[in-house]
Amino acid sequence: LLEEGGARGPLSKNSVSTYLRHINLFIRWAQQEGDLPGTAKAQRPKLGRRILDVLSREEITAIEDAAETERDKLIVRLLADTGIRLSELLNLRTGDLMKHGKNSYLRIRGKGELERLVPVPVLQRRLQRFIERGRPSDTTGDRIFVSRRRRLGLDYEPLTKSGVEQMLRVVGEKAKVRKRVYPHLFRHSYATWSLRRGMNPLQLMQILGHSSLDMITNVYSHLVPSDAYDAMVKVLAADD
């Protein structure tokens, strides 16, 4: 596939890697079912590391300021300050804002229905105020974020992924941010900012809902040498 490809010529490493990933999923399933003995595995081509684009904290503030409603401002700030996925944000229920002692958390339902608690030390009051007074009063469901449209003139419809994606794109342009603004960009930006601020990668892994450190070490390799330098200065300063 890399050398000859198909009718349109050789395929890229990314395309071949995607095909082989699905083949490996099938092979793993066949092995689990007992239909394929051994430990066969398709060898995927090595891919170059991609440099991720991230938003600065100033850009995030500008995007939040450009949003017209408190709902949209909260969506921007939640994505930016928690790193949760868009699907996780859309599934938030009013009962997911929780207290453990003096600390406030959001109960997040992640991939595989796994739950985790994400701290919201700054956003708790805003969220509580929005839940009590900002949501449409006649919504029968308990989702925190709903659409402005009504279903058959009665209940408000659930907010959709495409609706949030469009909103972020519009407010990003309005804020004059010269980057493509999309939900997962806030997750990358949060992880990068947290690591640069010295957060333990294990703690970040738990907050983001990753099952291992692989995603942290592989995806966020775009941290520049100055980040490592600053981290070393902090470590050595602690010994003085």
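The values are calculated or read from the model by the stated rules, or taken from the named source; none is laboratory data. In this text, all values refer to a predicted model and were calculated from it rather than measured experimentally. Here Cβ is always computed from backbone atoms with ideal geometry, including for glycine, and neighbour counts include all displayed protein chains. These area figures cover heavy atoms from the full protein model, side chains too; ligands, DNA and RNA do not enter into them. Shrake-Rupley method; radii C 1.70, N 1.55, O 1.52, S 1.80 Å.
Tell me the carbon and sulfur percent of the accessible area for region 54-187, rounded to whole percent, probe radius 1.4 Å. Mind showing how you got there, number by number?
Values: 3560 of 7450 Å².
Here carbon and sulfur together make up 48 percent of the probe-accessible area.
Give the aspartates and glutamates whose C-alpha is closer than 18 Å to that of LYS102, dropping any in the same chain fewer than 8 places away, or say none.
Of all the aspartates and glutamates, none pass the test against LYS102 - Cα under 18 Å, at least 8 places apart if same chain.
Could you give each residue of region 83-91 its phi-based ³J(HN,Hα) in whole Hz, using Karplus coefficients 6.51, -1.76, 1.60 with θ = phi - 60°, and x for Gly or Pro?
Taking θ as phi minus 60°, the curve returns x, 6, 6, 4, 4, 5, 5, 5, 8 Hz for region 83-91.
What's the FRET efficiency of LYS13 with ARG148 using the Cβ-Cβ distance as r and R₀ = 41 Å, to the nearest 0.05?
Numbers: r = 43 Å, r/R0 = 1.06.
Plugging the Cβ-Cβ distance into 1/(1 + (r/R0)^6) gives 0.40.
Using a Förster radius of 30 Å, what is the FRET efficiency between LEU2 and TRP29 based on their Cβ-Cβ separation? Nearest 0.05, please. Kindly include the intermediate steps, with their values, before the conclusion.
On the way: r = 25 Å, r/R0 = 0.85.
FRET efficiency, LEU2 to TRP29: 0.75.
Check which residues have an amide H placed less than 5 Å from TYR156's amide H, if you skip close sequence neighbours.
Distant-sequence amide H within range of TYR156: THR140, ARG151.
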